[in-house]
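These notes are about the structure you will find just below.
The values are calculated or read from the model by the stated rules, or taken from the named source; none is laboratory data. Here the structure is a predicted model, which is why all the values come from computation and not from measurement. For neighbour counting, all protein chains shown are included, and Cβ atoms are generated from backbone atoms with ideal geometry for every residue, glycine included. Keep in mind that these areas ignore ligands, DNA and RNA; they rest on the heavy atoms of the full protein, side chains included. Shrake-Rupley method; radii C 1.70, N 1.55, O 1.52, S 1.80 Å.
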Amino acid sequence: MGQTVLILVKKPSILKQLVDLGVKLPEINVGNMSTKEGSHQVAKSVAVTKDDINDFKYLAKKGLTIYHQMIPSEAREDFINLPKTNGGQN
């Protein structure tokens, strides 16, 4: 019986841990990530640190689709490219 499950986490490091434990996450929608010390904004409501970017890159290398879409009527944006296009760290 296939089910769709929504998992909300505060940090991408939690997603990395889940993937390393064998949890199958076919895609990740990066939503609101508030500004914090050492972070920079890459989308209207997303601020990431260098560690966050490294975690997302790790997940992308594992084959996960990572995108940013705040509401269904907005187009999906490839999240991995947002830090590069918005002055972020690579």
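Of all residues in segment 29-38, which are open to solvent by less than 30 Å² (accessible area, probe 1.4 Å) and assigned to a loop (DSSP other than H, G, I, E, B)?
Val30, Gly31
So, in segment 42-60, exactly how many residues are modelled with pLDDT under 90 and farther than 14 Å from Met70 by Cα?
Number satisfying all stated conditions: 0.
Within segment 75-90, restricting attention to residues that are in a loop (DSSP other than H, G, I, E, B) and modelled with pLDDT of 90 or more, which residue is least open to solvent (accessible area, probe 1.4 Å)?
Looking at residues that are in a loop (DSSP other than H, G, I, E, B) and modelled with pLDDT of 90 or more, I get Ala75.
Can you name every residue in segment 1-19 that is in a helix (DSSP H, G or I) and open to solvent by less than 100 Å² (accessible area, probe 1.4 Å)?
Pro12, Ser13, Ile14, Leu15, Lys16, Leu18, Val19
Applying the selection to segment 13-26, what residues are at pLDDT below 95 and either out of contact with any helix residue (DSSP H, G or I) (no Cβ under 7 Å at 6 or more places or on another chain) or over 12 Å from Leu64 (Cα atoms) (or both)?
Those that are at pLDDT below 95 and either out of contact with any helix residue (DSSP H, G or I) (no Cβ under 7 Å at 6 or more places or on another chain) or over 12 Å from Leu64 (Cα atoms) (or both): Val23, Lys24, Pro26.
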